[in-house]
Amino acid sequence: MTERLDQGWFTEVFDSHGSAFSLMIKDKLHEVQSPYQHLEVYATETYGNLMVLDGCVMLSTRDNFLYHEMIAHPALFSHAAPKRVVIIGGGDCGTLREVLKHPGVEEVVQIDIDEEVTRASQRYFPELTASNDDPRATLKFEDGVKWVENAPAGSVDVMIIDSTDPVGPAEGLFEADFLARCHRVLAEGGVLVQQSESPLYHTGSIIRELRADMQRAGFDSVATLPFPQPVYPSGWWSVTLAGKSNDVTRFRENAAAAVEFPLEYYSIETHRGALTLPPFMRRALSV
């Protein structure tokens, strides 16, 4: 993927699939080269602020709720009673905010290797970091892969892998050995969820391989949930859930229907619908 700036437009070019996504920008607000990646923040005309890492769009003010709600709530409602949650990645803190909406959650540890992402989010996306001072939350800036290696077995109920694309700092988060270590760290009945790229572009590659690796790692069930995401390649994205002694094709529907906290996209109906994959995905995943 490559980044272009041309006459007031930011464009992310997805070369391998011959597509691109553009937003009209008003100003560049922030730029920093961290030890891990190049981070930029732009003010756009219609999508609010835009965060870009190594030329790839990470989130916008306007549509980030789609991703953050879908990576958090399906996993939490697929667990019988989630109390201990770990987020690997997620430095913008939007996923953390969604997890902390669940009153039964007692502890959330977020581990992101790049502190610059969180600092930029605090400044330019303060709505995402509004829950960072919740006493249940702990933020760590270290290597998530190493954290998982050292975590006690059976110590986590829900693990959320909120990573960037499977290149650079996030590459290790898509490897089979890492998934096996996540399985060890999860307690019985535990749920793992990982962002799994575009259903249109990656069902026959990244998504299929991830599901197979999850099963090889010892997980008993997997489920891929697609959802719209305008700023990501193809405008369509997905998360993939895996259950340890837990069927993640089922969820606590009564609890999902009774939520009192604010939501913009997730609902019991959205969750049900996302579990029903379109025929082209079912065919590609059955190969």
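Of note:
- Overall form of the range 1-69 per C-alpha gyration tensor (a/c, 1.5; a/b vs b/c): rounded
- Gyration tensor (alpha-carbon) shape descriptor, the range 58-114, a/c threshold 1.5: oblate
- For the chain, the carbon plus sulfur part of the accessible surface works out to 49%, probe radius 1.4 Å.
- Under the Karplus curve 6.51 cos²θ - 1.76 cosθ + 1.60, θ = phi - 60°, whole-Hz ³J(HN,Hα) for the range 245-253, x wherever Gly or Pro sits: 6, 7, 8, 7, 7, 10, 8, 6, 5
- Annotation: amide H of TRP236 within the under-5 Å range of GLN229, sequence separation 5 or more or interchain, hydrogens built in the peptide plane.
- Mean accessible surface per residue for the chain, computed with a 1.4 Å probe while every protein chain stays in place, in Å²: 41
- Listed peptides 84-97, 16-29 by packing density, highest first (mean Cβ within 10 Å): 84-97, 16-29
- Start at zero, step by 10 Å, and the Cα-Cα distances of the range 186-285 spread as 15, 44, 34, 7 percent across the bins.
- The candidate values were [x] 31, 23, 15; [y] 28, 22, 19; [z] 48, 26, 14; the one computed from these coordinates for semi-axes √(5λ) of the Cα gyration tensor in Å carries the label [y].
- Global geometry of the range 26-99, whether rounded, prolate or oblate, following the gyration tensor of its Cα atoms and the 1.5 cut on a/c: oblate
- Candidates GLU107, GLU264, GLU127, ranked by Gaussian network fluctuation over the chain, Cα under 10 Å, top entry: GLU264
The values are calculated or read from the model by the stated rules, or taken from the named source; none is laboratory data. Since the structure is predicted, the reported quantities are computational estimates derived from the model, not experimental observations. Glycine gets a Cβ as well: all are built from the backbone with ideal geometry, and neighbour counts include every protein chain shown. For the accessible areas, the whole protein counts, side chains as well, though only heavy atoms, and no ligand, DNA or RNA atoms are used. Shrake-Rupley method; radii C 1.70, N 1.55, O 1.52, S 1.80 Å.
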